[in-house]
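All remarks here apply to the structure that follows.
Where a number appears in this text, it was derived from the coordinates with a stated rule and is not lab data. Keep in mind that what you see is a predicted model, and the values were worked out from it rather than measured. Cβ coordinates were reconstructed from backbone atoms using ideal geometry, including for glycine residues, and neighbour counts include every protein chain displayed.
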């Protein structure tokens, strides 16, 4: 009797997960299906794969510089991810491990920085980069995305469960404070790094307003701007559009798949 | 003293030499950057114009950078507000409904084309009205937004009508016949996006009125023409002659799928009708219904459209103006080239007489739609969209939603007027 | 806190504490060294422009034609019906959506951290995918599913749950419900990732010990998982509060603020004032600072409640 109750609960859990997964995947499935259909069929809501994939791809490659946009997006997202993970995890670690009243207050102040909509600070920021002669430069693109209060806060909060014994032991072994960070903290916290990497990459990849104004040369066009162009004509080819958006989400999915095992391995597994 | 003179002399020579140098450079290679959107339409036209101009002035290269309209507006506003106009291109394509707003907000940002050689009389009057601010011309009109009533004649035939029954009619006649078609075939004649007042504004312009009066004051709450238009709109919906959909893709799909037997919009909507090849031969176009009770109301109007502008910050504004003059404002050949493959209809009136514009179109049962549309364009009443056009558009869109949901017309329009007045301070 | 301790101890035995002062001071300085690069970048690229836009909020007028107006922009806000409407809308989203999403994300993270469940990596990926899905395609499918003759109405009609199709997008409250659904759909998996990552930092030995002590699954959730995840829950609550009060993408793409501004968000109104209407950056900035104060107060309350060490 007890076993069947347990089984029942387990089946309930599976059912719940299956329903949620279905709801989650469905629009993505539709997007990939639509990429293989003609515009008229996409609008009719076809759920069956079509035969237009090659034609859509030909049109997409003819009308846009897809590879350049993919490469640009990848380049900026990768640079932003690596730099911001490094800078933000350093700060988050500093805020938590060496916390005192002053640092706690500073953390709270930093949090305020994300509470103003970007549209409002866009013009002053643009003016600043214009005066510094950094318009249309990679530095101009990446600089404001390196340090975000969100990531710092994420690392600070995650560090709370970081075992202090590890730090004490490492200090006794003569490791420097920075040595502890690099040799002990980073490996142990790899699940947090994985989550931060996925999220930061995705945000940088989808970033729209800032690249739009800071990178005005077509050579620097990113995927979101390419997609914006595809939706701007008098006649929108929905098959081509869906193919472009489908291609644009693949990198984020790949990054997630590559890093997702870190969301399953416990702290013991990673400390080894 | 002698030394000073010598130094001055030297400086003079230097300045002279440098100015000679820069003059020589500007006679050399010039690159004009253009921002516009839509590869199959505006960009294509611009590239053809560039080819044409190469024969006239081989030193000029046109570099087209594809940029969506909303993106152009965002970059424009940001750069001009931040005093970084140098990053902007030489020529931009501007939506007509935003042109006066931008010119009046950033008075020094756009190059005044009034005294260039461009002959503005060759364009439809209403387009010139939309690109003129304080007596100065700021744009070369390009794409045509003349309103058309596109209909499926196979559906009309089923109900015993022809396209002629819907030509030169009033809205009252349209409603009578539309109700009949609906009864006999089950199909509505129109679809609109709920909350978007485009159709209302098409009707307004056909009566020569707008949401602002000539003095630029809001004209919503006490606008009798608008009230009559709203009544027609509500009647169209109530009688099932017009269905409301949620967004642009559902709007396109409503006639592509054959759920709806027609549409009224700017003539550029043709581009979204013709991809549905199974309906080839079934479509015709005609002019739009007029308002019977309003003096001066005609069967012609406009929806959308855009114009080329030269930026004041351009290093070669005269060359840019000359380029536009010799191509978009002076070359029938250009319009003949771009029409067949793109369906890019212009408001350059002389082009309407060309042979290409008189070609029968099989998708429309052999109708010569392009010359017809050019005729329509010449008869569109002039209105001034005004500086606060977007504010008014949103407010009226909200009002029509409330009215359809049952709110009193006067109250809803009063609220809309107050909202726009509030935003105009 | 540590500083007070060290002064107290200092008075007792000087020689032994001297060493500790050194380390503590040094560690304190090293702590700042960790923080400084990130903090400087935030001050430079966020607070400096924020400060500038605050000065902008004290200026009236349109476009480049600005002049000092004191608090006039802020006074104007009170009588701005679009502002009050949009503020009301985002508060509704916040009250309904954030609790639902956080709870759902926690439950999902708990389930997917359970070794009994098979295919966890599949479920994990599937539930994460919505936030990676392009807004363009998700908006199109959402709107067509909730159209008058759409999928949702068809199902509800066939199940005899409703007699007439519901005009989801055309009515104020159903449209707001759609925004809440859209937000939850897109961001639940996103929040779940942080919980999953946080759960990996909890020593499994704690759970083993609890099991041996005979703690039920529910006990383990409320006595171990939630307390241990508290810092992360605080993080996601602050992020979601902030994100929802600043919501832009969903209202622009799903309903475009309609019907009749019933779903308009504050950020969308700010965007309209900046880039669609005659640009009024000063007024837009004033609106932003009112929301800023609101978010800041809520976040500080959340920190007060949730950030005890």
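Length gained on full extension, residue B:157 to residue B:170, computed as 0.36 nm times the residue gap minus the Cα-Cα distance: 2.7 nm. Size check on region C:79-306: the Cα extents along the three principal axes, sorted descending, read 66, 48, 28 Å. Every Cα-Cα pair in region B:110-262 was counted, and those over 22 Å apart are 54% of them. Each of residue C:116 and residue C:164 was given a label point 7 Å from its Cα along the Cα-to-Cβ line. The distance between the two points is 4.8 nm.
Average partner chain C-beta neighbours within 10 Å, per residue of C:168-179?
2
P(r) of region B:322-425 in 10 Å steps, Cα pairs, percent per bin? Computed distribution, short to long bins: 13, 27, 18, 21, 19, 1. Calculated mean residue ellipticity at 222 nm for chain A: -23000 deg cm²/dmol, from DSSP H runs with n ≥ 4 weighted as -39500 (n - 2.57), summed, divided by the residue count and rounded to 500. For chain B, the longest principal axis of the Cα atoms and the long axis of helix B:332-342 meet at an angle of about 50 degrees. The GNM of chain B, with springs linking C-alpha atoms under 10 angstrom apart, assigns the highest mean-square fluctuation among B:167, B:327, B:209 to B:167. Just to confirm my numbers, what's the Cα centroid distance between region C:33-100 and region B:391-425 in Å? What the calculation gives is 27 Å, centre to centre. Cα centroids of region B:65-111 and region B:242-301: 31 Å apart. In terms of overall dimensions, the C-alpha atoms belonging to region C:106-231 reach 56, 32, 28 Å along their principal axes, ordered largest to smallest. The gain in end-to-end length when the residue C:207 to residue C:28 segment is fully stretched comes to 61.0 nm, 0.36 nm per residue minus the alpha carbon separation. For region A:87-107 and region A:153-191, what is the centre-to-centre distance using only Cα atoms, to the nearest Å? Cα centroid of region A:87-107 versus Cα centroid of region A:153-191: 13 Å apart.
Taking one quarter of the surface of the convex hull spanned by the alpha-carbon atoms of region A:1-131 gives a direction-averaged projected area of 17.4 nm². Residue by residue along C:280-289, Cβ atoms of other protein chains within 10 Å of the local Cβ number 4 on average.
Comparing C:151, C:275, C:119 in a Gaussian network model of chain C, where Cα atoms under 10 Å apart are tied by springs, the biggest mean-square fluctuation is seen for C:119. Annotation: average projected area of region A:66-230 is 11.2 square nanometres, based on the convex hull of Cα atoms across all directions.
Summary value for chain A: 32 percent relative contact order, contacts being C-alpha pairs under 8 angstrom separated by 6+ residues.
Angle of helix B:224-238 to the longest C-alpha principal axis of chain B, folded into 0 to 90 degrees and rounded to 10: 50°.
Counting, for every residue in C:138-148, the Cβ atoms of other protein chains within 10 Å of its Cβ and taking the mean gives 6.
Restricting to Cα pairs below 8 Å that are 6+ residues apart, what does the relative contact order work out to for region C:79-306? Please round to a whole percent. It rounds to 30 percent for region C:79-306. For the residues A:120, A:198, A:188, a GNM of chain A with alpha-carbon springs under 10 Å puts the largest fluctuation on A:120. Computed from label points 7 Å out along Cα-Cβ, the spacing between residue B:51 and residue C:217 is 7.0 nm. Kirkwood radius, the protein assembly as shown, all distinct C-alpha pairs, inverse of mean reciprocal distance: 31.2 Å. For the peptides B:61-73, B:93-105, the ranking by mean Cβ contacts within 10 Å, running from highest to lowest, is B:93-105, B:61-73. The peptide list B:295-302, B:336-343, C:75-82, B:42-49, put in order of mean Cβ contacts within 10 Å with the highest first, becomes B:42-49, B:295-302, B:336-343, C:75-82.
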